[in-house]
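Working notes for the structure below.
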Amino acid sequence: MSLQRVKQINELIQKILGGIFQKECQFPDNSLVTILAVETSPDLLYSKIIVSVFPLTQEKDVLRYLEDNVFQIQQFLNKKLAMRPIPKIRFEIDRTEFEAEKIEKLLEEIKEK
(Lines give C-alpha, C1' and ligand atoms only; values in the text may rest on other atoms or scores of the structure.)
Protein backbone atom coordinates (compact mmCIF):
# COMPACT_ATOMS: atom_id res chain seq x y z
CA MET A 1 0.00 0.00 0.00
CA SER A 2 1.37 3.43 -0.89
CA LEU A 3 2.36 5.79 1.89
CA GLN A 4 -0.01 8.45 0.52
CA ARG A 5 -2.95 6.03 0.71
CA VAL A 6 -2.10 5.05 4.30
CA LYS A 7 -1.84 8.73 5.22
CA GLN A 8 -5.29 9.40 3.75
CA ILE A 9 -6.74 6.43 5.65
CA ASN A 10 -5.15 7.69 8.89
CA GLU A 11 -6.76 11.11 8.40
CA LEU A 12 -10.13 9.56 7.60
CA ILE A 13 -10.06 7.27 10.65
CA GLN A 14 -9.04 10.20 12.88
CA LYS A 15 -11.93 12.32 11.59
CA ILE A 16 -14.51 9.53 11.98
CA LEU A 17 -13.30 8.54 15.45
CA GLY A 18 -13.42 12.18 16.53
CA GLY A 19 -17.13 12.22 15.68
CA ILE A 20 -17.68 8.89 17.43
CA PHE A 21 -15.91 10.20 20.55
CA GLN A 22 -18.16 13.28 20.57
CA LYS A 23 -21.47 11.54 19.94
CA GLU A 24 -21.17 8.02 21.31
CA CYS A 25 -18.56 7.96 24.10
CA GLN A 26 -19.20 8.81 27.74
CA PHE A 27 -15.74 9.67 29.06
CA PRO A 28 -15.16 10.31 32.78
CA ASP A 29 -16.42 13.68 34.00
CA ASN A 30 -14.21 16.72 33.51
CA SER A 31 -11.88 14.97 31.08
CA LEU A 32 -10.85 16.10 27.63
CA VAL A 33 -9.85 13.38 25.17
CA THR A 34 -8.13 14.30 21.92
CA ILE A 35 -7.02 12.04 19.09
CA LEU A 36 -3.47 13.13 18.31
CA ALA A 37 -2.59 10.62 15.63
CA VAL A 38 -3.60 7.43 13.87
CA GLU A 39 -0.90 5.01 12.76
CA THR A 40 -2.20 2.36 10.37
CA SER A 41 -0.07 -0.60 9.32
CA PRO A 42 0.88 -0.76 5.62
CA ASP A 43 -1.31 -3.86 5.17
CA LEU A 44 -4.30 -1.90 6.65
CA LEU A 45 -5.00 -4.59 9.25
CA TYR A 46 -4.26 -2.56 12.38
CA SER A 47 -4.52 1.05 13.51
CA LYS A 48 -2.99 2.48 16.66
CA ILE A 49 -5.01 5.44 17.92
CA ILE A 50 -2.89 7.80 20.01
CA VAL A 51 -4.96 9.91 22.38
CA SER A 52 -4.18 12.72 24.76
CA VAL A 53 -6.09 13.09 28.02
CA PHE A 54 -6.48 16.19 30.15
CA PRO A 55 -6.14 16.25 33.08
CA LEU A 56 -3.36 13.67 33.31
CA THR A 57 -4.99 12.17 36.41
CA GLN A 58 -7.81 10.85 34.19
CA GLU A 59 -5.52 8.88 31.84
CA LYS A 60 -6.06 5.49 33.45
CA ASP A 61 -9.83 5.90 33.63
CA VAL A 62 -10.07 7.02 30.00
CA LEU A 63 -7.80 4.22 28.76
CA ARG A 64 -9.85 1.69 30.73
CA TYR A 65 -13.06 3.10 29.21
CA LEU A 66 -11.61 2.90 25.70
CA GLU A 67 -10.35 -0.65 26.18
CA ASP A 68 -13.64 -1.79 27.70
CA ASN A 69 -15.58 -0.27 24.79
CA VAL A 70 -13.18 -0.95 21.91
CA PHE A 71 -15.57 -3.48 20.34
CA GLN A 72 -18.46 -1.01 20.28
CA ILE A 73 -16.22 1.81 18.98
CA GLN A 74 -14.89 -0.57 16.31
CA GLN A 75 -18.47 -1.36 15.25
CA PHE A 76 -19.28 2.36 14.87
CA LEU A 77 -16.11 2.77 12.79
CA ASN A 78 -16.96 -0.26 10.65
CA LYS A 79 -20.34 1.25 9.78
CA LYS A 80 -18.76 4.56 8.72
CA LEU A 81 -15.83 3.23 6.68
CA ALA A 82 -16.53 2.02 3.17
CA MET A 83 -13.35 0.03 2.68
CA ARG A 84 -11.95 -3.46 3.09
CA PRO A 85 -10.13 -4.50 5.13
CA ILE A 86 -11.12 -2.23 7.98
CA PRO A 87 -8.20 -1.86 10.37
CA LYS A 88 -8.61 -3.27 13.87
CA ILE A 89 -8.13 -0.41 16.31
CA ARG A 90 -6.27 -0.22 19.60
CA PHE A 91 -5.74 2.77 21.83
CA GLU A 92 -2.60 4.20 23.35
CA ILE A 93 -2.12 7.20 25.63
CA ASP A 94 0.34 9.84 24.40
CA ARG A 95 3.13 10.07 26.96
CA THR A 96 4.91 13.03 25.35
CA GLU A 97 3.62 15.65 27.78
CA PHE A 98 4.37 13.49 30.81
CA GLU A 99 7.92 12.82 29.58
CA ALA A 100 8.45 16.52 28.77
CA GLU A 101 7.35 17.45 32.29
CA LYS A 102 9.82 14.94 33.75
CA ILE A 103 12.66 16.37 31.65
CA GLU A 104 11.77 19.93 32.66
CA LYS A 105 11.90 18.97 36.35
CA LEU A 106 15.29 17.31 35.85
CA LEU A 107 16.62 20.38 34.06
CA GLU A 108 15.39 22.61 36.90
CA GLU A 109 17.15 20.38 39.44
CA ILE A 110 20.38 20.61 37.44
CA LYS A 111 20.05 24.40 37.20
CA GLU A 112 19.61 24.69 40.98
CA LYS A 113 22.82 22.73 41.60
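The values are calculated or read from the model by the stated rules, or taken from the named source; none is laboratory data. A quick note: this is a predicted structure, and the numbers were derived from the prediction, not measured. Neighbour counts run over all protein chains shown; Cβ positions are idealised from the backbone, glycine included.
Worth pointing out:
Rundown of residues vs (1) within 20 Å of P42 (Cβ to Cβ); (2) at pLDDT below 85, yes/no style:
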| residue | (1), (2) |
| --- | --- |
| F76 | no, no |
| M83 | yes, no |
| I89 | yes, no |
| F98 | no, yes |
| E101 | no, yes |
| E108 | no, no |
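- Test result for D43, loosely packed, with under 12 Cβ neighbours inside 10 Å, out of contact with any Phe, Trp or Tyr (no Cβ under 9 Å at 6 or more places or on another chain) and either closer than 19 Å to R5 by Cβ or aliphatic (A, V, I, L, M) (or both): yes
- The test for being on the phi < 0 side of the Ramachandran plot and at pLDDT 95 or above does not hold for E24.
- Under the condition of being touching a residue at least 12 places away in the same chain (Cβ under 8 Å), surrounded by fewer than 16 Cβ atoms within 10 Å (Cβ to Cβ) and farther than 18 Å from L77 by Cα, the residues counted in segment 46-59 number 3.
- Residue that is in contact with a helix residue (DSSP H, G or I) (Cβ under 9 Å, 6 or more places away or on another chain) and part of a strand (DSSP E or B), where the choices are L17, L66, L36: L36
- Segment 56-96, subset touching a Leu at 6+ places or on another chain (Cβ under 9 Å) and of a type in the set (V, I, T), residue farthest from K15 (Cα to Cα): T96
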